[in-house]
Structures are given as C-alpha cells and as structure tokens.
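Since the structure comes first, as structure tokens, the remarks are kept for the end.
The values are calculated or read from the model by the stated rules, or taken from the named source; none is laboratory data. Keep in mind the model is a prediction, meaning the values are calculated, not measured. Cβ sites come from the backbone with ideal geometry, for glycine too, and all protein chains shown count toward neighbours. Heads up: the accessible areas ignore ligands, DNA and RNA and are worked out on the full protein's heavy atoms, side chains in. Shrake-Rupley method; radii C 1.70, N 1.55, O 1.52, S 1.80 Å.
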Amino acid sequence: FLFAFWHYKYTLYYFFKERAQKKYEVSLTNEMRIFDVLQKNKGLLYGVDVSHYQGNIDWDKPLKIQDSFPVSFVFVRATAGKNLKDRKFDDFWKALEKRKITRGAYHYYRPNENSLQQAQNFIKTVTLKKGDMPPVLDIENVPSTQSLDSLKLGLRRWLNAVENHYGVKPIIYSGDDFYSRHLYESFPEYKVWIANYNFFVERAERDWHFWQFTDKASIPGCKEPVDANIFNGDSLNFFELLK
C-alpha cells in the first residue's frame with residue numbers, strides 16, 4: 001500500500017485537487033493513469049485529438065489536459081472514407097489557427113472504399129500551411145471484402161497521393177496490436193502514431209513518434225472526453241516534423 005501511494009503520489013495529488021474543484025467525473029482508475037503518465041513524461045510535448053464527437057469546444061479556455069498539463073498540439077479529424085467530411089473540422093481548424101496552436105488533420109480510412117477517392121476527399125478538404133503537422137492516415141480495421149495485401153496496396157496509394165499533393169510524407173495512426181501485426185514490416189519508412197491504453201504502459205516505445213494513451217482525458221471548454229497524446233521527442237524534434 002505504501003509503495004503504491006508513493007508511486008502515484010503526483011497522480012493522487014492532482015486527482016483530489018480536481019475532485020475538490022468538482023470539474024468533472026472520471027473513474028479513479030482512469031484518472032490515476034492519465035496523471036501518472038503525464039507526470040512521468042514531463043519534458044515531452046502533450047496533445048489531444050478531436051472530432052465532431054466532442055461537440056462544441058471553447059478554444060478560448062486555457063488548453064490544458066486535466067486543467068494541469070499544457071497542450072502543444074491538436075489533431076483534428078478532417079475526413080472519413082471517400083465522401084465524409086467531419087462536420088466540426090472547419091470550425092476547429094480555423095479556431096486553432098486563430099489561437100496559433102499547432103494543428104494536424106487526419107483521415108479515417110475505410111478499407112472497403114476506393115483509396116484514391118479517399119485521398120481526394122482529404123485533399124479537397126484540408127489546406128495545410130507552414131507550421132502545420134503532416135497529414136495523418138488513420139487505419140484501424142481489416143477489410144471485409146478484400147485481402148490484407150489489397151488493403152496494403154490501397155494504403156500505399158493513399159499515402160503516395162497525399163504525399164505528392166502536400167510534399168510531405170504522412171504519418172500512420174493505428175492501434176498497437178494492429179500496427180504490429182499488419183503494418184510494421186510493410187511501412188517502415190513512415191512515422192507512426194500509436195494508440196495503446198494499457199494501464200501498465202508508462203512511456204512510449206522507441207519507434208512510436210506519437211503515443212495516444214487514453215480516450216478519457218478532459219480539457220477546459222469541452223464537455224466530452226478527449227484522446228490524449230504524447231510526442232516522443234523534444235521541442236527541436238517536433239519543430240523538424242512540421243510542414
């Protein structure tokens with residue numbers, strides 16, 4: 001018990017501080033992990049990712065995860081499949097530029113839809129400017145109507161089309177297990193953004209450029225939980241990544 005208390009001393013401090021202020025309701029288990037991970041990765045850069053699922057966000061509020069850890073970057077879902085545009089993308093994208101918050105746009109890939117049509121959907125939706133992060137391809141599912149090799153070919157076509165348009169190599173987002181099983185050996189030249197919510201994982205693996213470690217975090221001005229992320233490098237590494 002004493003060891004656990006000492007191990008999570010910062011987590012418990014921030015947890016009870018927030019509960020005393022009655023800012024939000026989150027389970028103790030999730031709350032402990034969020035604060036513990038953020039505290040143990042001090043010196044790295046923190047970020048969140050959002051979509052229309054978060055509803056309205058007051059971007060004029062101080063942008064801090066759990067009201068305590070400053071946010072350095074925000075990923076926004078732009079598109080999904082060959083014809084869907086996130087209905088909050090324009091609002092979020094413009095608000096982030098206005099507040100001079102480093103932003104990135106991602107595309108949710110639908111394996112059973114045409115890859116080049118999906119790339120064009122992203123391209124016509126997203127205008128990148130100097131200082132923005134590279135485009136992101138979010139792939140999480142295997143196709144139901146084609147082989148895994150066909151999926152990889154489609155992903156390669158999307159990645160090439162988007163890189164040719166923007167002049168920068170995209171980032172691949174996926175779950176840890178999915179990436180390790182299906183993508184790791186086929187796309188070694190791409191930077192990766194990995195989702196791993198394992199309670200016992202406290203730091204990003206060496207080859208994870210971004211680590212999404214929870215979908216239960218909070219930021220001021222947003223009533224819904226957000227995904228929290230850590231950039232696995234210093235400020236110089238992050239600056240070199242920007243378009």
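Within the chain, which is the longest segment containing none of the chymotrypsin sites (Phe, Trp or Tyr not before Pro) that sit in a DSSP loop and have at most 12 other Cβ atoms within 10 Å?
Result, exposed sites excluded: 2-199.
Compute the length gained on full extension between Asn237 and Lys100: take 0.36 nm times their separation in residues and subtract their Cα-Cα distance, giving the result in nm to one decimal.
Working: separation 137, 0.36 × 137 = 49.32 nm, distance 1.90 nm.
Gain on stretching Asn237 to Lys100: 47.4 nm.
Calculate the dipole size of the stretch 101-210 relative to its Cα centre from +1 charges on Lys and Arg beta carbons and -1 charges on Asp and Glu beta carbons; express the result in debye to the nearest 20. Intermediate values should be presented prior to the final figure.
Details: 13 positive and 13 negative charges, 98 e Å.
Here the stretch 101-210 has a charge dipole of around 480 debye.
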*Size of the dipole of the chain about the Cα centre, Lys and Arg at +1 and Asp and Glu at -1 on the beta carbon, nothing else charged, in debye to 20?*
660
*Where in the stretch 97-199 are there GluC sites (Glu not before Pro) that are in a DSSP coil and have at most 10 other Cβ atoms within 10 angstrom of their Cβ?*
Glu185, Glu189
*Return the FRET efficiency for the residue pair Lys64, Ser186: r is the Cβ-Cβ distance, R0 is 45 Å, and the value is rounded to the nearest 0.05.*
0.75
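In the chain, carbon and sulfur make up what percent of the accessible area (probe 1.4 Å)? Please report the intermediate quantities before stating the final value.
On the way: 6270 of 12420 Å².
C and S fraction of accessible area: 50 percent.
Rounding to the nearest 20 debye, state how big the charge dipole of the stretch 106-148 is about its Cα centre with +1 on each Lys and Arg Cβ and -1 on each Asp and Glu Cβ. Provide the component values of the computation, followed by the final result.
Details: 4 positive and 4 negative charges, 47 e Å.
Result for the stretch 106-148 is approximately 220 debye, rounded to the nearest 20.
Using the C-alpha atoms of the stretch 42-185, what convex hull volume per residue, in cubic angstrom, is computed?
Details: hull volume 18.8 nm³, N = 144.
Taking only Cα atoms, the stretch 42-185 has a hull volume of 131 Å³ per residue.
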*Compute the relative contact order of the chain as a whole-number percentage, counting only Cα pairs closer than 8 Å that sit 6 or more residues apart in sequence.*
22
*Using modelled backbone amide H atoms (1.01 Å from N, in-plane), which distant-in-sequence or interchain residues come within less than 5 Å of Asp49's amide H?*
Phe75, Asp227
*Cα principal axis extents for the chain, largest first, Å*: 54, 38, 35
*Just need log10 I(q)/I(0) for the stretch 76-117 at q = 0.14, 0.27 Å⁻¹, Debye formula, equal scatterers on the alpha-carbon atoms, no solvent, rounded to two decimals.*
-0.36, -0.87
*Given Val142, Tyr184, Pro70, which one lies farthest toward the positive end of the charge dipole of the stretch 67-212, if we put +1 on the Cβ of every Lys and Arg and -1 on the Cβ of every Asp and Glu?*
Pro70
*Relative to the longest principal axis of the C-alpha atoms of the chain, give the angle of the C-alpha long axis of helix 9-21, reported between 0 and 90° and rounded to the nearest 10°.*
90
*Report, to the nearest 10°, how far helix 89-98 tilts away from the longest principal axis of the Cα atoms in the chain, using its own Cα long axis and a range of 0 to 90°.*
60
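What number do you get for the stretch 130-206 when its Cα radius of gyration is normalised by 2.2 N^0.38 Å, N = residues? All intermediate terms of the calculation are to be shown ahead of the outcome.
On the way: Rg = 13.5 Å, N = 77, 2.2 N^0.38 = 11.5 Å.
This ratio for the stretch 130-206 stands at 1.18.
In Å³ and rounded to a whole number, note down the convex hull volume per residue for the Cα atoms of the stretch 45-106. Intermediate values should be presented prior to the final figure.
Details: hull volume 5.1 nm³, N = 62.
Measuring per residue, one finds 82 Å³ for the Cα hull of the stretch 45-106.
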*How many angstrom lie between the C-alpha centres of the stretch 49-118 and the stretch 158-179?*
16
*Provide, for q = 0.14 Å⁻¹, the log10 of I(q)/I(0) from a solvent-free Debye sum over equal Cα point scatterers in the stretch 186-243.*
-0.48
